[in-house]
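Since the structure comes first, as structure tokens, the remarks are kept for the end.
The values are calculated or read from the model by the stated rules, or taken from the named source; none is laboratory data. These numbers were taken from a predicted model, which means no experiment stands behind them. So basically every Cβ, Gly included, is an ideal-geometry build from the backbone, and we count neighbours across all protein chains shown. Keep in mind that these areas ignore ligands, DNA and RNA; they rest on the heavy atoms of the full protein, side chains included. Shrake-Rupley method; radii C 1.70, N 1.55, O 1.52, S 1.80 Å.
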2 protein chains.
Amino acid sequence: MKAEIISIGTELLLGQVVNTNAAYISRELASLGIEVYHHVTVGDNKDRLIEAVKTAEERVDLIVMSGGLGPTQDDITKKTLSDYLDVELILHEETEEKIISYHKNSDFKMPENNQLQALILADSTPLSNDTGLAIGMMLSRNKHHYVLLPGPPDELEPMVDNYLKNELIKHILEEQVLVSRVLRFFGLTEAQLAEKIDGIISEQTNPTAAIYANSGEITVRITAKAKDDDEGYKAIDKVETKIMEKLSDYFFGYGEKTLVEVVKDRLKEKDLKITAAESLTGGAFISELTSVTEVSSILEGGMVTYSADKKNKVLNVRKKTIEDFGVVSGECAVEMAEKAREMFDADIGVGLTGVAGPSSLEKQIPGTVWIGISYKGKESFSKHFHFSYKRNRNRRLAVLNALELVRRTVEDLPIDNREYYGEDNQ
Amino acid sequence: MKAEIISIGTELLLGQVVNTNAAYISRELASLGIEVYHHVTVGDNKDRLIEAVKTAEERVDLIVMSGGLGPTQDDITKKTLSDYLDVELILHEETEEKIISYHKNSDFKMPENNQLQALILADSTPLSNDTGLAIGMMLSRNKHHYVLLPGPPDELEPMVDNYLKNELIKHILEEQVLVSRVLRFFGLTEAQLAEKIDGIISEQTNPTAAIYANSGEITVRITAKAKDDDEGYKAIDKVETKIMEKLSDYFFGYGEKTLVEVVKDRLKEKDLKITAAESLTGGAFISELTSVTEVSSILEGGMVTYSADKKNKVLNVRKKTIEDFGVVSGECAVEMAEKAREMFDADIGVGLTGVAGPSSLEKQIPGTVWIGISYKGKESFSKHFHFSYKRNRNRRLAVLNALELVRRTVEDLPIDNREYYGEDNQ
């Protein structure tokens, strides 16, 4: 099956908004084996929308439109399709009730037009909107399938994921279910990961396996179309086993939990408190930990000691350590970790020191990083890294690699058998 | 003049890459008064590219293509245009030399194909690539103008900004120069700012004024087309004066410098050292300061005290302050600022405390934030904020508002005459 994506919105043509929807929809359709050959964007203009739909009808079976379902005069998508396909717009009562009740519970008076968001094309299958008011829909007519989705990504994405994909499977692809599983990896680049499992991925059409990189972590999503869940997960299991044969050492978790969330969970499970003393990362490591919820039971505080003087005077790193080894050293990183652990009564302490760049420090080049770990009942250790010449990439990679060292330490996994690094495409 | 943007790349249709180029090009064309009615994306496929170009020729004068200028077999844009327009591909010697010299200075052996990136369409105007190897170009033929740009945004954006816009001005719009100026504001939302200068912006066609919001800061870019620089800047001055009448109290600087960079510069100019004690922001404030270069002369370190116990035991905030007022209080924020200043020998100390959320703390709801400032020779003060229910939005807005309080304090500007907040669209 082939599809075409039409994005509707003058704000896209003015460049005020980047079109993330077309990429998102494409990726989800690809996971179903549906091919996309064109993305088209038009403004809030009836004639140009009809022209785009006509062109798409000549090329594909499935036309996915996003945008223009809101309550304002600019939101022309439903009216345009209603006129063009000669299909009535009718009230979707559930959505109407939702709109009324939403405004009852808020301080805002409901604008008259808001009920326009409850209109759907007659005979279409409604697609629920879990995060907004405008209902989506899918309509089949004259061998074509028309899908209408809201423009805001935080409404469109759950609608695609929770409803559209299953509708496509059931009614168009004539399969019963779609199941998927996400595996998360850290410590290699997207290209390195892809190379390791190249054969596995390219030989798959069902299940499909897709790789995404985001801020240092790599995810692999395995998606199976099947008659039922059981058959689907069995197919996924097989592919997962093959992938894990190559990548188990880089695996850190399933699902939507990022590395910092996994580390937080491990620390909570084991009732451990963490702290850090940071130099080159300047607070970014503790800030990453405190960006997730419910950390107060695992973190009481930490320290940023940017200058050598304050490493000694405030954190109590010995002068001799700094004089003998420099601040960019494993010895300094370990002592920072230990002193922070004492000061904040923690079970595990992390010391981060190095050269963020662009200038060198102690004749060491940017990207040189030492991470020290002090963990109760174990011998402290440090690990040396060399990242890049880019300041904020170095800071980010130091944070992520420190999290991974913490995870491996508290899970009692080997530390020295592999590279860490990861990819930062921020 | 009307334009159409054709993005070329199978990775876009698979959703592996979000198309930021179409938005970027649209925005830049809008600043020249060029209208865009369609974005089209096709894969690395000769027939579909030609079809898209033909369709665009029926609709517009200017066709801007991005992607497919690289050295691999997939990179078909130049060859396709060469065949379609019957224009030879010739070697651009400067680019060839650049490619050879680049590989001489690197560890990588030059792939044979790399010289393909030096080919341009005969009679086209080359567009230099300051950040990559593939040359861009503009060709005028049969009343149409064809622009070919590289796909990577970090190559395309400087090419558009530094070369394409001036070529369009000179050769197509028949004006002499294009000048622009960026004004930066903090402390109100994009919608509030837009409302304040609505009349000014809508009545402008030359200069144009465009508003962008990014991570709490709002920029207004004024762009003038003119015969020469002098005429252009005079026109910009007039619009700037009108805008500043409404917004001077929110203005913090010109150009590309963000709020944290402006704060860093002020501190350096005045030879002041800063520190912070952070609770709800958990290191994010100091991390923001250390994300910019050359901060070691203004920052020696800082402290994260997340628990009440460590506020007292490590930072030395008095037990009585915490008992009498709670940790979410102006009194605690001020004392945190003062204690951090003492500990790190700084001229200005910042204390950040509050409720990030989602849980409440001391019966205060998420979004409640107190920022304390301790500055040498002045009386310490605190300011109360109420942001939102979103944890990381609250943390981000606390960081930005603390930076703005520091700026106003060291510049001796009034503190209490306005709201701060700002918009966070992260």
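Over all residues in A:382-394, what is the mean tally of Cβ atoms on other chains that come within 10 Å of each residue's Cβ?
Per residue, the average neighbour count from other chains is 1.
Round to a whole angstrom and tell me the spacing of the C-alpha centers of segment B:308-361 and segment A:257-312.
If we compute the Cα centre of each part, the gap is 18 Å.
Work out the FRET efficiency for A:L413 and A:V292 from their Cβ-Cβ distance, taking R0 = 22 Å, and round it to the nearest 0.05.
For R0 = 22 Å, the calculated efficiency reads 0.55.
Kindly compute the accessible surface that chains B and A hide from a 1.4 Å probe when together, both sides summed, and give it to the nearest 100 Å².
Buried area between the two chains comes out at roughly 4200 Å².
Can you give the accessible area per residue of the protein assembly as shown, in Å², using a 1.4 Å probe?
Per residue, the protein assembly as shown has an accessible area of 43 Å².
Excluding same-chain residues fewer than 8 positions from A:K319, which aspartates and glutamates have a Cα within less than 13 Å of its Cα?
Cross-link targets: A:D309, A:E331, A:E335.
Express in nm, to one decimal, how much length is gained between B:K270 and B:E256 on full extension, taking 0.36 nm for each residue of separation and deducting their alpha carbon distance.
Taking 0.36 nm per residue and subtracting the Cα distance, the gain is 2.9 nm.
At q = 0.24 Å⁻¹, what log₁₀ I(q)/I(0) does segment A:178-254 have when each alpha carbon counts as one equal point scatterer in the Debye sum?
-1.10
Would you mind computing the Rg to Rh ratio of segment A:259-410 from its alpha-carbon coordinates, Kirkwood style for Rh?
Ratio value, two decimals: 0.95.
Structure shown: which of A:K311/B:K270; A:K242/A:K268; B:K196/B:K363; A:K264/B:K313 lie over 30 Å apart, alpha-carbon to alpha-carbon?
Checking Cα-Cα distances, A:K242/A:K268; B:K196/B:K363 exceed 30 Å.
Separation between the A:K376 and A:K238 pseudo-spin-labels, each 7 Å from Cα along Cα→Cβ, expressed in nm?
Result for the modelled spin labels: 4.8 nm.
Could you work out the relative contact order of segment A:1-58? I mean the mean sequence separation of Cα pairs under 8 Å and 6+ apart, divided by the number of residues, in percent.
47
Return the carbon/sulfur percentage of the accessible area of the protein assembly as shown, one whole number, probe 1.4 Å, all protein chains in place.
45
Just tell me which lysines come within less than 19 Å, Cα to Cα, of B:K46; anything on the same chain fewer than 8 places away is out.
Cα-Cα hits under 19 Å: A:K2, B:K54, B:K78, B:K79.
Restricting to chain B, compute how many DSSP beta bridges are antiparallel as a %, nearest 5.
Of all bridge pairs located within chain B, approximately 65 percent are antiparallel.
For chain A, set up a Gaussian network in which alpha carbons nearer than 10 Å are linked by springs, and say which option among A:L116, A:L400, A:L149 fluctuates the most.
Most flexible of the set in this elastic network: A:L116.
For the protein assembly as shown, count all C-alpha to C-alpha pairs, find those more than 42 Å apart, and express that count as a whole percent of the total.
Across the protein assembly as shown, Cα pairs with separations above 42 Å total 41 percent.
Based on the Cβ-Cβ distance of B:S101 and B:D47, what FRET efficiency does E = 1/(1 + (r/R0)^6) give at R0 = 25 Å, to the nearest 0.05?
Calculated value: 0.10.
Quick one: work out the % antiparallel among DSSP beta bridges in segment B:259-410, nearest 5.
Roughly 65 percent of the beta bridges in segment B:259-410 run antiparallel, per DSSP.
What is the average number of partner chain Cβ atoms found within 10 Å of a Cβ in B:272-282?
So the per-residue partner count for this stretch is 3.
Write down, largest first, the equivalent ellipsoid semi-axes of segment B:241-290 in whole Å, where each equals the square root of 5 times an eigenvalue of the alpha-carbon gyration tensor.
26, 15, 10
Can you give the angle from 0 to 90° between the axis of helix B:229-247 and the longest principal axis of chain B, with both taken from C-alpha atoms, to the nearest 10?
Compared with the principal axis, the helix lies near 30 degrees.
Just which residues of segment B:1-41 lose 40 Å² or more accessible area with every protein chain there, against their chain alone, with the probe set to 1.4 Å?
Residues of segment B:1-41 that lose at least 40 Å² of accessible area once the other chains are added: B:L13, B:L14, B:G15, B:V18, B:A23, B:Y37, B:H38, B:H39, B:T41.
How high is the FRET efficiency from A:D123 to A:E11, r the C-beta distance, R0 25 Å, rounded to 0.05?
Here the calculated transfer efficiency is 0.20.
Could you identify which residue out of B:D416, B:D61, B:D237 has the top mean-square fluctuation in a GNM of chain B using Cα springs shorter than 10 Å?
B:D416
Remind me, relative contact order of chain B in percent, using alpha carbon pairs under 8 angstrom and six or more residues apart?
Dividing the mean separation by the residue count of chain B yields 11 percent.
Whole-Å semi-axes of chain B's equivalent ellipsoid, largest first, each the root of 5 times a Cα gyration tensor eigenvalue?
Square roots of five times the eigenvalues give 50, 25, 20 Å.
Taking each residue of B:343-352 in turn, how many C-beta atoms of other protein chains fall within 10 Å of its C-beta, and what is the average?
Across the residues of B:343-352, the mean count of other-chain Cβ atoms within 10 Å is 2.
Please work out how much length the chain gains when fully extended from B:E362 to B:E195, using 0.36 nm per residue of separation minus the C-alpha to C-alpha distance, in nm with one decimal.
Residue separation times 0.36 nm, minus the Cα-Cα distance, leaves 56.4 nm.
What is the angle, in °, between the Cα long axis of helix B:391-410 and the longest principal axis of the Cα atoms in chain B? Nearest 10 is fine, range 0 to 90.
Helix B:391-410 and the main axis of chain B meet at about 80 degrees.
For the protein assembly as shown, give me the percentage of DSSP beta bridges that are antiparallel, rounded to the nearest 5 percent.
65
Any chance you could give the angle, 0 to 90 degrees and rounded to 10, that helix A:330-343 forms with the longest Cα principal axis of chain A?
The helix A:330-343 is inclined about 80 degrees to chain A.
Would you calculate the separation in nanometres between label points at B:E93 and B:D161, each defined as 7 Å from the Cα along the Cα-to-beta-carbon direction?
For B:E93 paired with B:D161, the spin-label model returns 3.2 nm.
For segment A:146-279, just the Cα set please: Rg and Dmax, both in angstrom.
Rg, Dmax (Cα atoms, Å): 17.7, 57.
Starting from 0.36 nm per residue, how many nanometres of slack lie between A:D83 and A:S248 once their C-alpha separation is accounted for?
Difference between extended and current length: 53.9 nm.
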